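Take a look at the structure set out below.
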Amino acid sequence: MVRPTAAMDRRKSSTVHYQTFPTPPPKSKGQPPSDTSASPNGTDHARYGSHTSNHDQSPLPVKQLVVLAIISLSEQTALNSIGPYLPQMVSTFPDVKVGQVGLYVGLVASSFALAQFTTNFFWGWLSDRIGRKPVVLTGTLLTAACFVAFGFVKTLWQAIIVQVLMGLVNGNQGVVSTCLGEITDKSNQSRAFIYLPVIYGLGGITGPVVGGLLVARNAHFTKQNPYPYLRPNLVSAVVLVVDLVVAMMFLEESLEEARDLPPLGKRVGNLFSWVWQFASSTRPSYLRIPEVARKPSRHMNGDAAMDDDDVHSDSDNASQASIPTMLPHHTTNLTHSQVFNRDTMLLMSTYLIFQLSNISYNSLYPIFAQAAPPRGRHLSPEEIGFSLAFAGAATIIFQLGIFGKLREKLGNKVTYRVCLAGMAIAFVLTPWVGYKHNENGYVGISSGKGWLWAELGFVLLVKSLAAVGCLTSFLLLVGPSSY
């Protein structure tokens, strides 16, 4: 009878390699279950805005919140800078007729939104595979390049192509929201998510101001000024480059599975090394068996076959250990029922309607404001920019001073419904805003420059407050704290 050898023991122990990869213990508090987070009938109080105690609240990760705020503010500044001058820009394209400005402004704006819609799921999937930070850096860099290109467009089709490219490479908004959910837990998530629309409000101030002030009132494509819309786009690109540097230096990876990977620069180097070896060698180094492993050693009992098997097992370990580490290993997967449950599908459906109407209004408002009466109100790019900046400032005041108390009294669900109704009211009132001058003979609610700005300011105020309330309520209803 053959006596067990040390090689047999090692052979048995080597089977652990085929079970799983080592998984580090969690480093954050995550989303711990709470007795106060659910009612007896299963309703999530954190989701619907119940009163919770502040005794066990975790401190906010201020440093990472500031970094995410800078990323969001830079991106919103750049994206919102296009609105004030886009109608004027489209009207100066040689292939656009006078009565078609509104149609083509909508086409340019919708091309960005449609392209962004087609790749949002891809960027989310990619951030789950390689980490949040690489996706944020890639999106920021490519978006900055698109803004530089947009400053050099001279025709309608060039503008559409650049906007499509900008939408395809821009998926940072969803990734930033995901990062925000991952660096917080149930106890402080509602406070963190309230500040995200505040940043969007700041971007609603800085973006229109940049776009409105850096474009001349009657800018046209001439030999003396062949690129009249280059300045705001270069400023937007510079803002995004600063954002890129800040993210590279200070943004921490929030995906749990990717935190123990080498730094991003090392992972990129590993990727190039892997590709180079794969392309330049018939048998890359990470697939070769070391020479030492090829030589079987004999024990005193002469059982060489068993040692040979053991050597091959060890060589498999060495081979896999030499593969460059580039991707995180995922240990958990959500089931279909966890993702596509009834509440989530209802929220996503209403959010689709909200965003469709919100983006449509944001695209149509500059056309309405810039067009000549009776279709529009004949405002300049500067006036359009300042009107949008006023709306952005109002949303900040509302979000910081009023919305939190309103949400505590009404709850997230009721607040969401009220804000959706507010959006509808703003849409109905917009066509009835008065005109600048009485002598035109056009009738709105009233006439005169003062009445125009009072009525326009009221409509923009209702629309902006309702939009930011919808966004915040939706994030809190469907956010990670709800599951």
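Descriptive notes on the structure:
- Residue in segment 189-225 that is modelled with the highest pLDDT, counting only those that are buried (at least 20 other Cβ atoms within 10 Å of the Cβ) and part of a loop (DSSP other than H, G, I, E, B): Leu214
- Qualifying residue in segment 328-343 (condition: of a type in the set (Asp, Glu), more than 22 Å from the chain's Cα centre (by Cα) and at pLDDT 85 or above): no
- Single condition Ile161 does not satisfy, out of (1) touching a helix residue (DSSP H, G or I) at 6+ places or on another chain (Cβ under 6 Å); (2) modelled with pLDDT of 90 or more: (1)
- Test: residue in segment 74-89 that is over 26 Å from Leu196 (Cβ atoms) and surrounded by fewer than 17 Cβ atoms within 10 Å (Cβ to Cβ): no
- Residue within segment 106-114 that is assigned to a loop (DSSP other than H, G, I, E, B) and in contact with a Gly (Cβ under 7 Å, 6 or more places away or on another chain) present: no
- Members of segment 161-175 that are crowded, with 21+ Cβ neighbours inside 10 Å and under 22 Å from Leu60 (Cα atoms): Asn172, Val175
- Selected residue [modelled with pLDDT of 90 or more, surrounded by fewer than 17 Cβ atoms within 10 Å (Cβ to Cβ) and closer than 22 Å to Ala237 by Cβ] from Phe93, Phe152, Phe112: Phe152
- Arg375 vs. criteria farther than 27 Å from Ala109 by Cβ, modelled with pLDDT under 90 and not hydroxyl-bearing (Ser, Thr, Tyr): no
- Being of a type in the set (D, E, K, R) and more than 18 Å from Asn412 (Cβ to Cβ) is a property that Lys186 lacks.
- Checked against (1) of a type in the set (Gly, Ala, Ser); (2) within 26 Å of Arg231 (Cβ to Cβ); (3) surrounded by 17 or more Cβ atoms within 10 Å (Cβ to Cβ); (4) touching a residue at least 40 places away in the same chain (Cβ under 8 Å), Gly106 passes all but condition (3).
The values are calculated or read from the model by the stated rules, or taken from the named source; none is laboratory data. Note that the structure is a prediction, hence the values are computed from the model and not measured. In this analysis, Cβ positions are derived from the backbone assuming ideal geometry, glycine residues included, and neighbour counts consider all displayed protein chains.
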